[in-house]
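Single-structure report; data block below.
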Amino acid sequence: MIEPRIVLAGMGPKLSGLTWESDKVLRIGRQTNLDVVLRDHSIERIHAEVRYQGLRWMVRDLAHNQMYPTLVNSHALTGKDQALATDDILQFGKLQLRVADVVVPADPTPPSLARTPLPAGLSGTALPQSPIAASGFNLLIKAKTQQSWDKALEIVTLDPSARPHQDQAMLALVRANHHLTHISHLEELLRSILSDTIAALNAQRGSIILADPTTGELVLKATVAPKLNLNAPAKPFSRTLVKRCFDLGESILCEDVNADEALVLARSVRHGAMASVICALLRTPRNRIGILHLDRGFVEDPFSENDLYYADAIAASVAVGIETAQLVEQQREQFIETVTTLARAVECRDQYTGDHTRRVTDYSLMLAEELKLSANEKYQIQIGTPLHDIGKIGIDDAILRKPGKLTQGEFEHMKTHTTKGAGMLDSMKHLIPMIPIVRHHHERWDGTGYPDHLSHEQIPQIARIVSVADAFDAMTSDRPYRPAMPADRAFLELVGKAGTHFDPNCVYAFMRLRQKIEGMMQTS
């Protein structure tokens, strides 16, 4: 059988004598890992691609700059792919290439639509159906599989010749199960699973969408896109396909309708959009819990049916752990509500600190995010910060509610709220990790704080974060002996005491959040 082939030849002084040849695709642009690298300021990083599809060689414009659209024989491509023939002249930016040779096989089944053989022991269905609209573009459902939970995992026991991606898929499965036993926070778990699955199946992006346990609504929980700009407006998943996959209880493989000119995408959604999509059903032996959504772009080869089976096996493998993590997350949320109620009880005793713990918690979580703390450290802050003044339950009312400034003796008694609070938490197993916040949020960077006179890195980072947030809110809140300080002056106070009272790194990170914090203060 004759294989498809295209040869492009360079023209002009910069490209004369150069040729490029392929039997599948030629990706064109300035980016160094492309098939045709063109060094010119008029060329974009990914400018265009030439691909064999539907018994024709087609050129597709991927450029964003309207000044330099892709031209075929001096005619601009206006939202449509263009079939190529020998001696056609292609222009990318200011550079030109000639189609030196085009070979199209007589076989009526184009390679891009040829079905990949099913692995032995698994069943699936090829579905040459009409296109369906999905997130602003049209896709063909190429294949689907509806394996039981245990059957889906049999793919890893197949003969090696039937599983060309075995090594990558096995690694993803092993790492996924490692994450299930070592990561306790749902968000971090989902992102880790996505990162490994994307690497194993060479996807450009992955998302996990979970069904809300109460409402049943499908909600996006995590997206990882190592090959894309996450700030791009493109949707991270197709809601249409996700709903179809979940409602029917089957994993599906879709491809874009490249060969149908009536369904070609508009320029605004072509670059970096979803050209090939896998929706793998996340299910346990008992329930459907969500969807693993993977996609590839137009400059990548489409997913194969084997990719679908491996994605399906990964989805079945990780679903039980995700379901367990969801239950743990629900317990945490209930625990947070209990802790928050307890914190309000402390505030009720001190009439001058209403909503203080809520604001300090909000500021601390923002600062933790800015400093890129782990999910576990952020959880410690979320629970520990509302309790940072829990020891005030043991402070005499006469001192706690005194309208004037405290005497030295009274202040020494007030300082004991840190050790009293730590003692209270010490008897509760689940609150022990939060003790550093309660005991050390009044320590100072230079070692002059209390109760243990710790300095620098000796002070736990979560306590240093709460210290900055606590001081800022105290300065910007009314007290019986002074009015609230303006926010701009409070920020200056923090900067002035960075390196003495406060960890400088925490202060400078807090300053980066100034605009958000001032916005919160105006709406509270």
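The values are calculated or read from the model by the stated rules, or taken from the named source; none is laboratory data. Remember, it's a predicted structure, so these values are computed and weren't measured experimentally. Heads up, the Cβs are rebuilt from the backbone with ideal geometry, glycines too, and the neighbour counts pull from every protein chain shown. Protein only, heavy atoms only, side chains kept; ligands, DNA and RNA dropped before computing areas. Shrake-Rupley method; radii C 1.70, N 1.55, O 1.52, S 1.80 Å.
Annotations for the structure displayed:
- Computed from phi, the 3J(HN,Hα) profile of the range 433-443 under the Karplus parametrisation 6.51, -1.76, 1.60 (θ = phi - 60°) reads x, 8, 4, x, 5, 5, 7, 10, 6, 10, 6 Hz, with x in place of Gly and Pro.
- The accessible area of D488, taken with all protein chains in place and a 1.4 Å probe, comes to roughly 80 Å².
- On the basis of the beta-carbon distance and an R0 of 35 Å, E329 and R239 show a calculated FRET efficiency of 0.90.
- Between K227 and Q408, the C-beta separation translates, for a Förster distance of 60 Å, into a calculated FRET efficiency of about 0.45.
- Karplus 3J(HN,Hα) series, Hz, for the range 95-100 with 6.51 cos²θ - 1.76 cosθ + 1.60 (x for Gly, Pro): 10, 10, 10, 10, 6, 6
- Across the protein chains, with a 1.4 Å probe defining accessible surface, the residues D101, D355, D470 rank D355, D101, D470 from largest area downward.
- Report note on the peptides 429-435, 203-209: ranked by the mean count of other C-beta atoms within 10 Å, highest first, their order is 203-209, 429-435.
- Here the dipole of the range 447-524 is about 180 debye; that uses its Cα centre as origin and unit charges on the Cβ of Lys and Arg (positive) and Asp and Glu (negative).
- Here the 3J(HN,Hα) profile of the range 391-397, calculated from phi with Karplus coefficients 6.51, -1.76 and 1.60 at θ = phi - 60°, is x, 5, 4, x, 9, 4, 4 Hz, Gly and Pro shown as x.
- Of Y450, Y508, the residue with the largest accessible area leads and the full order is Y508, Y450 (1.4 Å probe).
- Based on the Kirkwood approach, the hydrodynamic radius assigned to the range 366-524 is 16.4 Å, with every pair of different Cα atoms included.
- Heavy-atom accessible surface of H501, to the nearest 10 Å², is about 50 Å², with a 1.4 Å probe and all protein chains retained.
- Placed amide H near E44: partners under 5 Å, 5+ positions off or other chain: R30
- Taking amide hydrogens as placed 1.01 Å from N in the peptide plane, the amide H of Q82 sits under 5 Å from those of V59, each at least 5 positions away in sequence or on another chain.
- Heavy-atom accessible area for F411, with the other protein chains in place and a 1.4 Å probe, reaches approximately 80 Å².
- Using a Förster distance of 30 Å, the FRET efficiency for A199-S16 (Cβ separation, nearest 0.05): 0.15
- Probe 1.4 Å, accessible area per residue of the range 404-506, Å²: 47 Å²
- Projected label points at T215 and R489, each 7 Å from Cα along the beta carbon direction, are separated by 4.5 nanometres.
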